[in-house]
1. Volume per residue, Å³, of the convex hull around the alpha-carbon atoms of the range 2-75?
2. With θ set to phi - 60° and the Karplus curve 6.51 cos²θ - 1.76 cosθ + 1.60, what are the ³J(HN,Hα) couplings of the range 98-103 in order, to the nearest whole Hz, using x for Gly and Pro?
3. For residue 70, enumerate residues with amide H under 5 Å from its amide H, sequence gap 5+ or separate chain, H modeled in the peptide plane.
4. For the range 72-127, go through all pairs of different Cα atoms, get the mean of 1/r, take its inverse, and jot down that Kirkwood value in Å.
5. What list of ³J(HN,Hα) values in whole Hz, one per residue of the range 34-51 in order, does the Karplus curve 6.51 cos²θ - 1.76 cosθ + 1.60 (θ = phi - 60°) give from phi, with Gly and Pro shown as x?
6. Suppose the chain between residue 42 and residue 70 were pulled fully straight at 0.36 nm per residue; how much longer would it get relative to their current alpha carbon spacing?
7. Can you give the helix-only mean residue ellipticity at 222 nm for the chain, where every DSSP H stretch with n ≥ 4 adds -39500 (n - 2.57) and the sum goes over all residues, rounded to the nearest 500 deg cm²/dmol?
8. For residue 17, what residues show an amide H to amide H distance below 5 Å, using hydrogens built from the backbone and excluding near sequence neighbours?
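A short reminder: the numbers here are calculations on the coordinates, not readings from a lab. Every value quoted in this text rests on a predicted model; they were computed, and no experiment measured them. When we count neighbours, we look across all protein chains shown, and the Cβ atoms used for this are built from the backbone with ideal geometry, even at glycine.
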Amino acid sequence: MTEIKLTVNGAARGDEVEPRLLLVHYLRETLGLRAANVGCDTTSCGACTVLLDGESVKSCTVLAVQAQGRSVTTAEGAVNPDGTLGLVQQAFREEHGLQCGFCTPGMVMAVTSLLAENPDPTEQEVREGLEGNFCRCTGYHNIVRAALNAAVKLRGASGDATAAPSSPEVAA
């Protein structure tokens, strides 16, 4: 067993884990955080996407011990302090950017990371930024709209006077 200390969704954690334990299993089984889903175990689908020090990673290919001393944010941690949906989550809801919901937490975290790097993406940049996160239900149209909606919301929340959509109409 190896002791790890990290921050998960803003809370300090310390646990003993098997050195081979994947981060997704640590989050789900040890911490009871169920948003990061296990879809493929091969980094192909993105259902397990979380933020590691603010960067989007697929937690099915990261060992829990690799998160030592780092900060992990899951979709559960993307909510506002009062428990209401965060801006990206709100945009997914408003734009119907989910269907069965299995990929949604990973998509939300991938969009969060994308918008941190590029607060005013084009439709094409959103589509490229979501490569590696698969949805088997929606065809991506509403997910892309949700990402663009979230970009506008986040720019507006930051006081950016240019908070206007980069692409008012998303092609199907």
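1. In the range 2-75, the Cα convex hull volume per residue is 72 Å³.
2. Computed from phi, the couplings for the range 98-103 are 8, 10, 6, x, 4, 7 Hz.
3. When sequence neighbours closer than 5 places are left aside, the close amide H contacts are 7.
4. 11.9
5. 9, 5, 6, 8, 9, x, 9, 6, 10, 6, 8, 9, x, 5, 9, 4, 9, 9
6. 7.8 nm
7. -8000 deg cm²/dmol
8. 2, 3, 4
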